[in-house]
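Structure record follows, encoded as structure tokens.
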Amino acid sequence: QVRLVEFGGGLVQAGGSLRLSCAGSGSIFRMNVMGWYRQAPGLQREWVAAISSGGGTNYVDSVKGRFTISRDNAKNTVYLQMDKLKPEDTAVYYCNTDPSMREYWGQGTQVTVSS
């Protein structure tokens, strides 16, 4: 089964930074818009950011100016640099194509921001 693998999460204090990475096969990354999503406890999964194969980016309003999405097509990897983290950013973070494909969901990586 084709999946994406996310890593880089952890526990950080408010105001801190984390860098998430997501690796997968070239067949997923090639020519696809890639996105980061998150799911907080008790809430639905939400879209956070996306990046096109050419590098164009888009963000949900709540993370604009704090998060930066990037990709390395040669390494089939997409990144999410998260700065100025807030407790409300606490969630499991996932990557997927945008729009997402059910078969690509991985285990995600937990990000916990303490106040």
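The values are calculated or read from the model by the stated rules, or taken from the named source; none is laboratory data. Here the structure is a predicted model, which is why all the values come from computation and not from measurement. A quick note on method: Cβ atoms are made from the backbone with ideal geometry, for glycine too, and the neighbour counts reach across all protein chains shown. Remember, those area values only see protein heavy atoms, side chains included, never the ligands or the DNA or RNA. Shrake-Rupley method; radii C 1.70, N 1.55, O 1.52, S 1.80 Å.
Among the candidates 43, 85, 80, 4, the residue that is among the aliphatic types (A, V, I, L, M) and touching a Cys at 6+ places or on another chain (Cβ under 6 Å) is uniquely 4.
One line per residue, one yes/no per condition, for (1) under 12 Å from the mean Cα position of the chain (by Cα); (2) in contact (Cβ under 8 Å) with a residue 12 or more places away in the chain; (3) closer than 20 Å to residue 11 by Cβ:
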{"site": "47", "(1), (2), (3)": "yes, yes, no"}
{"site": "59", "(1), (2), (3)": "yes, no, no"}
{"site": "83", "(1), (2), (3)": "no, yes, yes"}
{"site": "87", "(1), (2), (3)": "no, yes, yes"}
{"site": "111", "(1), (2), (3)": "yes, yes, yes"}
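Only residues that are of a type in the set (A, V, I, L, M, F, W, C) and farther than 21 Å from residue 8 by Cα: list them for the range 34-45, please. Selection gives 43 alone. Across the range 53-63, not a single residue is classified as touching a Lys or Arg at 6+ places or on another chain (Cβ under 6 Å) and under 27 Å from residue 26 (Cβ atoms). Inside the range 20-39, residues that are modelled with pLDDT of 85 or more, open to solvent by less than 20 Å² (accessible area, probe 1.4 Å) and of a type in the set (Gly, Ala, Ser) make up a count of 2. Within the range 3-33, the set of residues being closer than 19 Å to residue 85 by Cα and in a loop (DSSP other than H, G, I, E, B) comprises 8, 9, 14, 15, 16, 17. In the set (1) within 18 Å of residue 40 (Cα to Cα); (2) open to solvent by less than 60 Å² (accessible area, probe 1.4 Å), the condition left unmet by residue 107 is number (2). Take the range 18-35 and flag every residue that is more than 11 Å from residue 77 (Cβ to Cβ) and in contact with an Asp or Glu (Cβ under 7 Å, 6 or more places away or on another chain). Result: 33, 35.
Evaluated against (1) charged (D, E, K, R); (2) surrounded by fewer than 16 Cβ atoms within 10 Å (Cβ to Cβ); (3) within 16 Å of residue 99 (Cα to Cα); (4) at pLDDT 95 or above, residue 45 falls short on exactly one condition, (2). Please determine whether any residue of the range 3-10 is of a type outside the set (Asp, Glu), under 20 Å from residue 105 (Cβ atoms), surrounded by 17 or more Cβ atoms within 10 Å (Cβ to Cβ) and at pLDDT below 95. Scanning the range 3-10, I find at least one residue that is of a type outside the set (Asp, Glu), under 20 Å from residue 105 (Cβ atoms), surrounded by 17 or more Cβ atoms within 10 Å (Cβ to Cβ) and at pLDDT below 95, so the answer is yes. Within the range 34-46, the only residue that satisfies the criterion of being basic (Lys, Arg) and in a strand (DSSP E or B) is 38.
Strands (runs of 3 or more DSSP E) fully within the range 53-102 that include at least 2 residues being open to solvent by 60 Å² or more (accessible area, probe 1.4 Å): 57-59.
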